[in-house]
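I have placed the structure first, in the form of structure tokens, so that the comments after it can refer back to it.
Nothing in this text is a laboratory measurement; each read-out follows from the coordinates by a stated rule. Predicted model only: the values in this text are computed from it and were never measured. When we count neighbours, we look across all protein chains shown, and the Cβ atoms used for this are built from the backbone with ideal geometry, even at glycine.
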Amino acid sequence: MSAPRAPGAASTSVARTAAGVSSAFIVVPPSSWPLCAADAVTVAHAGRDPVGARYAASRSACLRWGFRGASVVVVRIGVLGPVEAWEDGRELPLGSGRQRALLVLLLLHADVAVSKDTLIDGLWGERPPRSAAKLLQGYVSQLRRALPAEAIVTRGSGYLLRAADTDAAEFERLLTDARGQEPLEAARTLRAALALWRGRAFADVEYESWAQAGASRLEELRLVALEERIEADLRLGEDRRVVPELQALVAEHPLRERLRAQLMLALYRAGRQPEALDVYADARRRLVDDLGVEPGKALRELHQAILRQDPMLDPAAPTGRAAERAGSAFVGREAELAELLAGLEDALAGHGRLYFLVGEPGIGKSRLADELIAQAQARGTRVLVGRCWEAGGAPVYWPWLQSLRPYIRETEAETLRSQLGSGAPDLAQILPELRELYPDLAEPRSLEPESARFRLFEAMTSFLRSAAEQRPVLLVLDDLHAADEPSLLLLQFVARELRASRLLVVGAYRDVDPKLADALAAALTELAREPVTRTLSLGGLGKADVARFIELTTAHTPGASVVETVHTGTEGNPLFVGEIVRLLAAEGRLDESGPRPAVPQSLKEVIARRLRHLSAECKRVLSLASVLGREFDLDVLASASSLERGTLFELLDEAIAQQLVTDVPGSRVRLRFGHALFRDGLYDDLPASRRRQLHRAVGEALEKLSSSDADSHLAELAHHFCEAVPPADPSKAVDYARRAGDHAAGLLAPEEAVRLYEMALSLADPPERPRLLLRTARSIWMGGARGSERAVEARDALVADGDREGAAEAELLLANIHWSEGSRQLVSEHMQRAVELVRGRPISRTTAEVLADASRFHMVADEKEEAISLGREGLAIAEQLGLEGVRAHCLNNVGVARACSGDLGGLQDLRRAFEIAVAAQDGWATWRSRVNLADCLLWLVGDAESAFAERHELRRLLRMAGSGFVARFNQAYDAWESYWRGRWTETLRVSNDFIEQVEAGDPHWVACELYSLRALIGVSRGDERALDDARAAVTLGRRAQDSRNLYPAIAFNAQIAGELGRFEEADRLLDELLLTHGPTPYPGYVVPLSLAALVRGRVEDVWARLRRLGPSPWRDAAAAMLHGDNVEAAEVFARIGVLPEEAQARLLAAEAFAAAGRQDDAEAQLARCVPFFESVGAAAYVCRAEKLRSSLPDAVNAAHANRS
């Protein structure tokens, strides 16, 4: 992280930035103010940046605009789109439309005084308001506030805008430059020129009469630039790639013959000769019909050449050095780049992709990504880049934050707010600058940790997709081997939503001893399952590529022995090749005669020899910088080194000249090592004692510089002070690590919190350990792992320490851990101990939460009286302490327990819980109240339609309270609804997807229901595999030790075994349900229990058990079936709104009527159930019905045939 920066902190030589547009934004200390624009040219040349040098020279006039504080002010005005102005990358507020129009009027007459009358005419035309002069003066005043004061000066009766830099001027300069360049370089230059366009020229004022000539001229030049760029691409053999672009351009400009000619040539070279001729025919028809003229000579000649298949139309083979030039020695990766560009084209077309670049250090992953970035930018794609921090101490989600912050700074506030959508409050948790931009932003909803993280990830994904809708996005995440685990989890989430987006994500990582190997390996395994994912493994360069590399980087054609030696010694690793070549060149041995020049045998040795060319002081500064990491902040380095700034920058210039250190694109306060291996070599060479001293110095410097913003640097401070122990006092390290862990947990990154708490535990004194253990256990569980061992350790330590409230929190955590596993007996034991620990103590939040959770667990265990009692006790404490979320949870528990006891007043408790939870913005409590209300409406009231309506509302609430765990509950609800409504194809799709996740190792206790549901459909279709699903449900229920899962699974298994003739299995299962002391039957399984009883003649046994059940339409229907009144049962099911149960009851009724000789009644029931069975493909039940029908008298069958 970057510490606060003092004014005038960098000299020109160190503060230079990347080549191109940004290279003239130069910070100059007060002592250097007499320097003029020529110094910008000197700086750019010193940085070996000819583009920047040329550009800086062209800006000498704009540098005269003056100073702000300690810096020369350079303002750039953009007219290639909406009129904008930037100062050092920051957009300036230009105000209203007329105020912007005034700036354009002055800009069109730059360095010339424009009279007030002329300006008033331009702004208001023939009917200016009476106050026009005063308004004009106000607009000038506002512009002067936005721009440097010297920008607009009064001249006589008018105003003058000093010469200003514009994107239009740069566009024209690049267009001119490209005309003298070779095709590859010209294509890149023209892409850079076209990338400057953000919309139509002078977009704010393009319809003003005084702006139209200038706008039209620029638009024509834009088309010329497009044509010339396409011409360069065609000369480079990019025929197939440019065809879609040319087709769109021709459709937009149908009478532009050069575009027609280019499209014809591209189609011909792509083997599409008929289409090329069609393009000509269409052009001729339009020209003749619209203008009465024939096509021009060039187009006619091209047409004839295509007809005779003239060899001159074939692309010329590139020759000489022009064919080899690949810009910055980009060689040997053409195939990989082509695949990435194909992925980019897919993304541009709305089919997002994820690519991984994999290989050893120095193999060229970042260089390949850079080449993709350049080409993506040239095609108008927005590029976001984030690099993981390899030295430790980075904030959680660092690569994501690093990639998004420039975009947030550069995007217009209204556009950004629209893209953020409803997820803005969630993203503001990790991007606090959003709250500075939007002070009225609401606080994020209070959620369970898993739900909150789901919402954060969804907000991030939605934001990226929305941004990419307006302009395609390339997101590059480098050095993923060093990523924190939450960042990898976020990547997994984003990847699942890529398919229908204009987003291309590229990640790069080392496959040699990566850090966080387990987290990375797990993430890669999951990501490999996504259909959008591709992996490109990079190997060493071949000999020919090594030879090209040497030639391109040294302007020297190497001998065969040099190429052989370098290739053999480096195995083609591009970084190693480059370092060897630079070393040989520096030592004058590149032309060394003899068969095999001697070279170092390892990259480490090469780097060591390169460092020998530096002064001792420069090496000392770089060693200190290596402690900071791959990138380092200049302020922190200055403070830690105790060097004068001028001296520090001179030493860094020495390293920059050797290309060991480079600029960080987009930053003037940070530098970075040219490669991570340079930093690692320096850091690894430090003796342990010296390394600890330097970490302490860095920690103290960072502590001093970040005193006003310590939260943003907690992880960094923890890292450095922990690395300084011993001899440093560990208390500061423990404090920072604990605070950093709390901060990470608050940012919904429990995995990172665990790492930081473990760091604190490794140094903590005994009194600090119990609470740290509890924090660690809670974060482990929040991250999706069990955490029970740490929780037990924490509980025992807290009990031994006399911290009863902390021990109760640990017991509560253990109960939640075991509840998620389905181990209900263990849940009961931990909850009982938690309640005992808070009893008789002063009331607190912990007391209320323990009672609320204990009430919930009793409610789930069907222990209604205990649930009501504990729930009301917790409710009273929550009301006393103002804990609205806890209050909502208590009402939830009480409401369900009351409703299950036959007191439907509990439904009002649930509605109150919902209202309280919504007002408190507690998503988890909101979700619980709604799902419990839906269940009560379905099972206790028997109103499926209202229950379905509540469940539909759950889908909306999932966005507020959602988590993967909750989302899967909703999947189960969707499956049952589609089953009851007769949409069985949908039921199977949802069930199969859910079960596939379970079998892939992602358990969820509701899977029991979906195995049973799939079994019900299977048995209705005569599929004996249904029994396997039914048995799997029972196995899961037994494993969970939860009767609410187990007993319904047993009932469904018994029903299915009976229907398939497995009577012994059915009897055994019925005995387990009826002959043991089980809980009161739940409405959810009385139907399969009754159906199994009817098959096996166990009616009285089941009826005895049903009598224990409270009032419920489901019980009434089951009782009617048991007593042979199947028509009544069917009518009850119809009132509830569940079609399969109604149809099954009617089939039973038909069978009973047929047996009693009541053929007409039997046929009437068949007529009402068979159509349903046929519609859902329940072939076994259709066959059973038809068999019954065939046994009826002919008259009845004839009546049925007539109805059919």
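For Arg534, the residues 5 or more places off, or on other chains, whose built amide H falls under 5 Å of its own are Leu354, Tyr355, Phe356. Give me log10 I(q)/I(0) at q = 0.11, 0.16, 0.19 Å⁻¹ for region 867-962, Debye formula, one equal scatterer per alpha-carbon, no solvent. So the normalised log intensities work out to -0.29, -0.60, -0.82. Sorting 393-403, 458-468 by their mean Cβ neighbour count within 10 Å, with the most densely packed peptide first, gives 393-403, 458-468. Using the Karplus relation 6.51 cos²θ - 1.76 cosθ + 1.60 with θ = phi - 60°, the per-residue 3J(HN,Hα) values for region 933-950 come to 5, 4, 5, 5, 4, 6, 8, 9, 8, x, 10, 5, 4, 5, 5, 4, 4, 4 Hz, with x marking Gly and Pro. Sorted on the mean count of surrounding Cβ atoms within 10 Å across their residues, most packed first, peptides 1099-1106, 909-916 read 909-916, 1099-1106.
When you filter the trypsin sites (Lys or Arg not before Pro) in region 162-255 for DSSP loop state and at most 14 other Cβ atoms inside 10 Å of their Cβ, you are left with Arg179. Amide hydrogen proximity for Val476: with H placed 1.01 Å from N in the peptide plane, the residues at 5 or more positions away or on another chain lying under 5 Å are Leu384, Val385, Gly386, Val506. Starting from the Cα of Lys864, draw a straight line to each of the aspartates and glutamates and keep only those under 12 Å, dropping any in the same chain fewer than 8 residues away. Partners found: Asp903.
About its Cα centre, the dipole of region 74-237 is roughly 700 debye, where the only charges are +1 on Lys and Arg Cβ and -1 on Asp and Glu Cβ. In this structure the amide hydrogen of Thr166, modeled in the peptide plane, comes within under 5 Å of the amide hydrogens of Ile77, none closer than 5 places in sequence on its chain. Projected label points at Arg435 and Arg499, each 7 Å from Cα along the beta carbon direction, are separated by 3.8 nanometres. I want to verify the translational diffusion coefficient of region 74-237 in µm²/s; compute it with Stokes-Einstein, Rh as the Kirkwood radius over Cα pairs, at 10 °C and 1.306 mPa s. Translational diffusion coefficient: 94 µm²/s.
In order along region 1113-1130, phi translates into HN-Hα couplings of x, 5, 5, 4, 5, 5, 4, 4, 5, 4, 9, x, 9, 6, 5, 4, 4, 4 Hz, rounded to whole numbers, per the Karplus curve 6.51 cos²θ - 1.76 cosθ + 1.60 with θ = phi - 60° and x for Gly and Pro.
Judged by the mean number of other Cβ atoms found within 10 Å, the most tightly packed of the peptides 936-948, 685-697, 405-417 leads the ranking 936-948, 685-697, 405-417.
The lysines whose alpha-carbon is closer than 24 Å to the alpha-carbon of Lys619, local same-chain residues fewer than 8 away aside, are Lys604. Candidate cross-link partners of Lys134 among the aspartates and glutamates, defined by an alpha-carbon separation under 13 Å and a same-chain spacing of 8 or more, comprise Asp117.
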